[in-house]
Amino acid sequence: MNNQTHFGFKTVDESEKAGKVAEVFHSVAQKYDVMNDLMSGGLHRVWKHFTLTTSGVRAGDKVLDIAGGTGDLARGWAKRVGKSGEVWLTDINSSMLTVGRDRLLDEGLILPVSLADAEKLPFPDNYFNAVSVAFGLRNMTHKDVALKEMFRVLKPGGKLLVLEFSKVWKPLAPFYDFYSFKALPVMGKLVANDADSYQYLAESIRMHPDQETLKQMMLDAGFGRVDYHNMTGGVVALHKGIKF
Ligand SMILES: C[S@@+](CC[C@H](N)C(=O)[O-])C[C@H]1O[C@@H](n2cnc3c(N)ncnc32)[C@H](O)[C@@H]1O
């Protein structure tokens with residue numbers, strides 16, 4: 001029997017997961033930004049702002065944004081590193097990447113863009129000062145392989161930033177569950193005409209490793225000084241680790 005993994009609450013062959021994730025993001029790409037603002041009440045901007053401002057990324061740095069989608073973090077990195085730096089916007093999904101690239105171009109930002117699978121990064125060893133992945137790791141089939149790839153492309157001393165949904169503070173869980181499983185799919189249906197993708201979003205969040213498990217996974221991939229910061233009662237956590 002082939003290896004199994006999960007796609008939301010469903011169990012699927014490992015070979016099927018990337019295709020199913022691709023369907024989700026091809027379907028939502030055009031409405032992704034408006035849905036992000038709507039679903040989070042704009043909070044995703046605060047979570048991303050915190051990631052950027054606490055990153056330690058400086059002028060002249062080389063930064064890789066993995067699963068960068070519509071380009072929010074890449075735009076932020078570009079402002080921080082300035083003309084002497086280098087920022088790559090990458091994603092496995094052509095629809096998401098096209099929306100991201102067009103959006104940045106409309107804002108006058110020309111960044112290198114690459115269609116890239118996080119599990120097989122097309123970059124040399126020891127190249128980047130920082131690697132970021134926001135709300136992307138959850139969707140990857142082999143998270144351990146992806147984390148090792150992120151480690152490989154970082155320079156010694158370089159930093160990984162993983163922004164991801166995580167385990168909420170227990171008293172919040174009933175409200176969060178109600179919102180995720182009742183409201184989100186309805187919003188998805190009304191705005192993006194796609195309830196299933198937003199049902200997957202809610203399910204995939206529940207299946208994602210919690211704060212401590214992800215911390216251990218980063219340690220296993222070779223990162224040192226790994227720590228995390230909860231935001232909005234653990235709805236989201238920012239994990240950081242250093243390649244020594
Ligand atoms: C929820 S979106 C996040 C987009 C953006 N980072 C943000 O925070 O708004 C998740 C992204 O992960 C991408 N993704 C999923 N699996 C991937 C993989 N194996 N390698 C690279 N990107 C992947 C999807 O295509 C999608 O664009």
* Asked: Out of residues 5 or more away from Leu154 or on other chains, whose amide H comes under 5 Å of its own, with H placed 1.01 Å from N in the peptide plane?
  -> Asn126, Tyr127, Phe128
* Using R₀ = 30 Å, calculate the FRET efficiency as 1/(1 + (r/R₀)^6) where r is the Cβ-Cβ separation of Glu212 and Ala22; round to 0.05. => 0.50
* Asked: Can you flag which of Lys182/Lys240; Lys17/Lys159; Lys31/Lys182 are past 30 Å Cα-Cα?
  -> Lys182/Lys240
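Just how large is the dipole of region 20-242 about the Cα centre, in debye to the nearest 20, putting +1 at every Lys and Arg Cβ and -1 at every Asp and Glu Cβ?
Taking the Cα centre of region 20-242 as origin, the dipole is about 560 debye.
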* Counting each DSSP H run of 4 or more residues in the chain as -39500 (n - 2.57), what helix-only mean residue ellipticity at 222 nm follows after dividing by all residues, to the nearest 500 deg cm²/dmol? -> -13000 deg cm²/dmol
* Asked: Lys83: which aspartates and glutamates have alpha carbons under 12 Å from its alpha carbon, excluding same-chain residues fewer than 8 sequence positions away?
  -> Asp61
* Residue among Leu97, Ile110, Val21 farthest towards the positive dipole end of the chain, charges placed on Cβ -> Ile110
* Asked: Rg/Rh for the chain: what does it come to with C-alpha atoms and Rh from Kirkwood?
  -> 0.94
* Convex hull (Cα only) mean projected area of region 11-104, reported in nm² to one decimal -> 7.1
* Which whole-number percent is the relative contact order of region 20-242 (Cα, under 8 Å, 6+ apart)? -> 19
* Asked: Across bins of 10 angstrom width beginning at 0, how are the C-alpha pair distances of region 100-164 distributed, in whole percent?
  -> 20, 46, 30, 4
* Rounded to the nearest Å, what's the spacing between the alpha carbon centres of region 196-244 and region 69-83? Just the number, please. => 22
* Structure fact -> Per principal axis, largest first, the Cα atoms of region 96-138 extend in Å by 32, 24, 16
* Determine the sum of side-chain charges near Thr141: Lys and Arg each +1, Asp and Glu each -1, restricted to other residues whose C-beta is under 12 angstrom from that of Thr141. => -1
* Mind giving me the nanometre distance, one decimal, between the label points for Val46 and Phe181, set 7 Å out from Cα along Cα→Cβ? => 2.6
* How much length, in nm to one decimal, is gained on full extension between Asp220 and Ala195, taken as 0.36 nm per residue of separation minus their Cα-Cα distance? -> 5.4 nm
* Give the calculated FRET efficiency between Leu38 and Asp125 to the nearest 0.05, with a Förster radius of 51 Å applied to their Cβ-Cβ distance. => 0.80
* Structure fact -> Between Asn2 and Ser94, the FRET efficiency computed from the C-beta separation at R0 = 25 Å comes out, to the nearest 0.05, as 0.40
* Asked: Based only on the alpha carbon positions, what is the Kirkwood hydrodynamic radius of region 105-244, in angstrom?
  -> 16.5
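Laboratory data are not the source of any read-out in this text; all were calculated from the coordinates shown. Model, not experiment: these values are computed from the prediction. Positions of Cβ are generated from backbone atoms using ideal geometry, with glycine treated the same way; all protein chains shown enter the neighbour counts.
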